[in-house]
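What follows is a set of notes on a single structure, which appears directly below.
The values are calculated or read from the model by the stated rules, or taken from the named source; none is laboratory data. The shown structure was predicted, so the numbers you read here are calculated from the model rather than taken from an experiment. Positions of Cβ are generated from backbone atoms using ideal geometry, with glycine treated the same way; all protein chains shown enter the neighbour counts. Each accessible area value is taken on the protein alone, full model and side chains, heavy atoms only, with ligands, DNA and RNA left out. Shrake-Rupley method; radii C 1.70, N 1.55, O 1.52, S 1.80 Å.
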Number of protein chains: 2
Amino acid sequence: MKIGVPGETVVGETRVALVPPVARRLVERGLDVLVATGAGTGSDWSDDEYAAVGCTVLDDRAAVFERSDVVLQVRGLGARPDGEVDPYREGGTVVGMLGPYAVEDATLEALAARRVTLFALELLPRTGRAQSMDVLTSMASLGGYKAVVVAADALPKLFPMQMTAAGTIQPASVFVVGAGVAGLQAIATARRLGARVRAYDVRPAVKEEVESLGAGFVELDLETAEAATGGGYAREQDPEFYREQREAMTDAVGAADVVVTSAAVPGRPAPTLVTEAMLDGMAAGSVVVDLAAAGGGNCEPTRPDETVEYGDVTVFGPTNLPATVPRTASQLFANNVANFLEHLLRDGSLHVDIDDEIVDATLLTHDGTVRAPNRRDEADAA
Amino acid sequence: MKIGVPGETVVGETRVALVPPVARRLVERGLDVLVATGAGTGSDWSDDEYAAVGCTVLDDRAAVFERSDVVLQVRGLGARPDGEVDPYREGGTVVGMLGPYAVEDATLEALAARRVTLFALELLPRTGRAQSMDVLTSMASLGGYKAVVVAADALPKLFPMQMTAAGTIQPASVFVVGAGVAGLQAIATARRLGARVRAYDVRPAVKEEVESLGAGFVELDLETAEAATGGGYAREQDPEFYREQREAMTDAVGAADVVVTSAAVPGRPAPTLVTEAMLDGMAAGSVVVDLAAAGGGNCEPTRPDETVEYGDVTVFGPTNLPATVPRTASQLFANNVANFLEHLLRDGSLHVDIDDEIVDATLLTHDGTVRAPNRRDEADAA
């Protein structure tokens with residue numbers, strides 16, 4: 001069976017779906033791995049390094065699509081902001097982030113008609129079994145780390161407390177809104193750098209996790225009984241809920257030098273949690289990093305992929321921070337996708353068992369039909 | 001007595017010599033503080049905040065020079081890369097970083113003739129008594145911190161080790177060359193962020209300090225008996241010494257993801273310690289931050305205030321990293337300069353006692369004559 005790595009063509013996408021050390025693992029299992037020339041450039045892997053572990057490097061990206069049984073991609077279909085559809089071959093399989101909430105039905109129908117099998121890794125269940133394949137978790141963790149590094153680079157203050165002969169400098173205050181994977185990693189990184197950290201999440205259950213990282217949990221006396229969905233994501237709440245939340249957060253935002261927001265509901269616009277009025281309460285020079293920018297942002301002035309000066313506050317709206325640490329991101333993505341692939345392998349070829357929870361959850365098209373049960377479920381629930 | 005804060009006019013200089021909380025201290029001692037409008041803008045202090053603690057804000061920067069007995073500056077004379085000489089008034093006093101090694105003799109003579117008293121804070125002795133005034137130490141510490149933040153932002157890898165369901169990611173390796181104040185802070189910051197850190201310094205005495213921060217000390221079997229000068233700075237060594245050092249460092253550089261260099265001898269060009277051949281041994285995507293860039297750099301490809309791509313290695317040559325954390329930098333600078341001023345105050349006016357070690361070391365011109373004993377000493381010793 002031939003596994004293809006065509007490389008990424010989205011502007012600014014530096015990651016690659018498979019790196020040589022992980023490719024070696026697939027080669028050793030008897031798979032043929034075809035890599036387009038330059039696929040690893042953005043993450044500092046050369047063609048020679050792929051060839052050295054037994055991959056075949058092809059000069060022609062189109063040939064990778066033509067000749068592969070399974071194509072591995074970081075971003076395809078709905079995960080491509082440019083709307084391009086790659087030349088998937090009839091009867092082939094694609095594994096990657098495929099933007100299941102954004103992809104057009106007509107596109108899926110056309111691919112199904114050509115008997116293309118699509119696995120959207122964003123739809124993996126949040127179960128222990130799927131954890132080793134969970135690209136959203138891997139990438140969110142990198143985003144949380146990098147959000148804090150970006151903030152530390154931009155903040156006119158030091159993060160750690162300094163006790164010097166010239167007096168004591170207080171540590172920076174960081175407020176993290178949304179304590180999912182990204183938020184928890186942001187908390188951990190800000191703590192590492194010596195900041196004082198507080199965090200808020202709509203799910204009171206994460207309080208303990210926040211506190212175990214050395215951060216304070218901002219308590220809001222709100223109705224949050226059903227805040228967590230079965231999938232482990234925060235559920236979208238009604239507008240009245242968000243209004244009360246905003247009021248209670250104003251103080252916490254005003255007291256922070258840095259705010260990191262990461263409250264997103266899959267497939268839905270991000271809720272606006274940090275308003276312009278809250279930013280007005282921040283000191284000059286403060287920094288916001290909005291990790292929900294791709295979904296419109298948690299912060300009113302956020303513009304995706306731009307840095308906005310709102311008064312004296314700098315608001316970063318990065319949509320792809322993992323691509324700024326492409327070496328680590330590609331390593332993790334490759335491990336995730338290889339674990340997924342290995343889960344499906346039987347005697348050297350892919351075995352698509354729709355009774356398997358992982359297959360069932362991620363399969364967008366198969367056997368001539370469009371199916372995406374969780375994609376629909378999430379949209380209905382929201 | 002009137003203390004003047006004219007603000008900084010060097011391009012990119014965001015610091016200010018006095019911040020409102022420290023100005024308050026001087027006002028409470030009965031001093032008049034005159035501040036030029038906008039002096040605090042770069043470090044996010046408004047005119048209103050100066051006025052609120054009892055400073056007089058003047059619209060005209062020239063008026064601050066005209067009316068002040070003592071002018072406080074972050075950078076004057078030789079510390080100004082633009083060569084500008086501010087309009088110091090006859091018989092007045094200036095306290096700040098005045099670039100004692102770079103300032104022209106003719107400039108000093110002209111100012112002495114006008115009976116200007118100049119205190120260059122770079123020349124403070126490295127004694128316990130002067131520690132609370134030591135701007136070089138304060139600023140070097142910020143530079144070391146920020147060097148690591150800049151490196152973390154640029155590195156395509158994570159700093160901390162990650163143990164995830166998708167496998168273990170090794171921590172980044174950081175090599176710090178020169179374990180003075182900046183180097184030690186770089187070590188501490190890189191350790192905070194979870195990197196594996198090694199360091200080298202020509203002075204074997206700092207080994208213990210390096211190790212106490214959790215870093216490994218790179219041992220070089222070289223003649224280093226006289227590596228430390230009486231002033232506590234590294235002494236300039238002969239070319240043969242540097243050649244051997246370079247050879248022994250090649251492995252350490254090659255094994256690092258990030259190299260931070262900070263080997264500088266006051267008033268002399270920085271020694272070239274990291275050669276292009278060493279950078280050739282680094283992995284693609286590696287990062288160098290050269291804190292000695294202002295003195296020409298410790299790294300061959302360094303260009304001051306530029307970011308150079310040398311092959312696949314990014315070389316940063318920042319000359320003023322403290323100005324990128326202006327809030328903290330101004331706070332520390334203001335504390336230092338106020339401590340210096342208070343050391344000289346007797347009954348509300350400056351008492352210039354040249355038998356005082358601190359006065360003696362820092363006084364460039366006084367009473368119509370040019371004097372700068374340590375400036376000459378350092379130049380002779382090197």
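Which residues, taken from segment A:268-284, are crowded, with 21+ Cβ neighbours inside 10 Å and outside any strand (DSSP E or B)?
Across segment A:268-284, the qualifying residues are A:ALA270, A:PRO271, A:LEU273, A:MET278, A:LEU279, A:MET282.
For segment A:354-369, which positions are assigned to a loop (DSSP other than H, G, I, E, B) and over 25 Å from the mean Cα position of the chain (by Cα)?
A:ILE354, A:ASP355, A:ASP367, A:GLY368
Name the residues in segment B:250-267 that are in a helix (DSSP H, G or I), open to solvent by 40 Å² or more (accessible area, probe 1.4 Å) and either not assigned by TED's automatic domain parsing to the domain that holds B:VAL176 or not polar (S, T, N, Q) (or both), would you?
Of everything in segment B:250-267, just one residue is in a helix (DSSP H, G or I), open to solvent by 40 Å² or more (accessible area, probe 1.4 Å) and either not assigned by TED's automatic domain parsing to the domain that holds B:VAL176 or not polar (S, T, N, Q) (or both), namely B:ASP251.
Report whether or not B:LYS207 is away from chain A (no Cβ under 14 Å), part of a helix (DSSP H, G or I) and of a type in the set (Lys, Arg).
yes
In segment B:174-185, which residues are within 25 Å of B:LEU279 (Cβ to Cβ) and either within 13 Å of chain A (Cβ to nearest Cβ) or over 25 Å from the mean Cα position of the chain (by Cα) (or both)?
B:LEU184, B:GLN185 - these are the residues of segment B:174-185 that are within 25 Å of B:LEU279 (Cβ to Cβ) and either within 13 Å of chain A (Cβ to nearest Cβ) or over 25 Å from the mean Cα position of the chain (by Cα) (or both).
If I ask for residues that are assigned to a helix (DSSP H, G or I) and at the interface with chain B (Cβ under 7 Å from one of its Cβ atoms), which ones from segment A:150-173 would you list?
If the condition is that a residue be assigned to a helix (DSSP H, G or I) and at the interface with chain B (Cβ under 7 Å from one of its Cβ atoms), then A:VAL150, A:ALA152, A:ASP153 are the ones that fit.
Between a first residue in segment A:204-218 that is surrounded by fewer than 17 Cβ atoms within 10 Å (Cβ to Cβ) and a second residue that is aromatic (Phe, Trp, Tyr), which pairs have beta carbons less than 7 Å apart while being 6 or more apart in sequence or on different chains?
Note: pairs meeting the criteria are A:GLU211/A:PHE217.
Could you list, in sequence order, the residues of segment B:161-184 that are open to solvent by 30 Å² or more (accessible area, probe 1.4 Å) and in contact with a Pro (Cβ under 7 Å, 6 or more places away or on another chain)?
B:MET161
What are the residues in segment B:285-315 that are open to solvent by 20 Å² or more (accessible area, probe 1.4 Å) and touching a Cys at 6+ places or on another chain (Cβ under 9 Å), if any?
Residue satisfying the conditions is B:TYR310 alone.
Looking at B:ALA130, is it within 11 Å of chain A (Cβ to nearest Cβ) and surrounded by 21 or more Cβ atoms within 10 Å (Cβ to Cβ)?
In short, yes.
For segment B:339-371, which residues satisfy the criterion of being in contact (Cβ under 8 Å) with a residue 24 or more places away in the chain, open to solvent by less than 40 Å² (accessible area, probe 1.4 Å) and either among the acidic types (Asp, Glu) or facing another protein chain (nearest Cβ under 9 Å) (or both)?
B:ASN339
Considering only residues of segment B:194-203 that are buried (at least 23 other Cβ atoms within 10 Å of the Cβ) and under 23 Å from the mean Cα position of the chain (by Cα), which is farthest from B:ALA147 (Cα to Cα)?
Looking at residues that are buried (at least 23 other Cβ atoms within 10 Å of the Cβ) and under 23 Å from the mean Cα position of the chain (by Cα), I get B:VAL202.
Sort through B:ALA140, B:ALA147 and tell me the only one that's outside any strand (DSSP E or B) and touching a Leu at 6+ places or on another chain (Cβ under 7 Å).
B:ALA147
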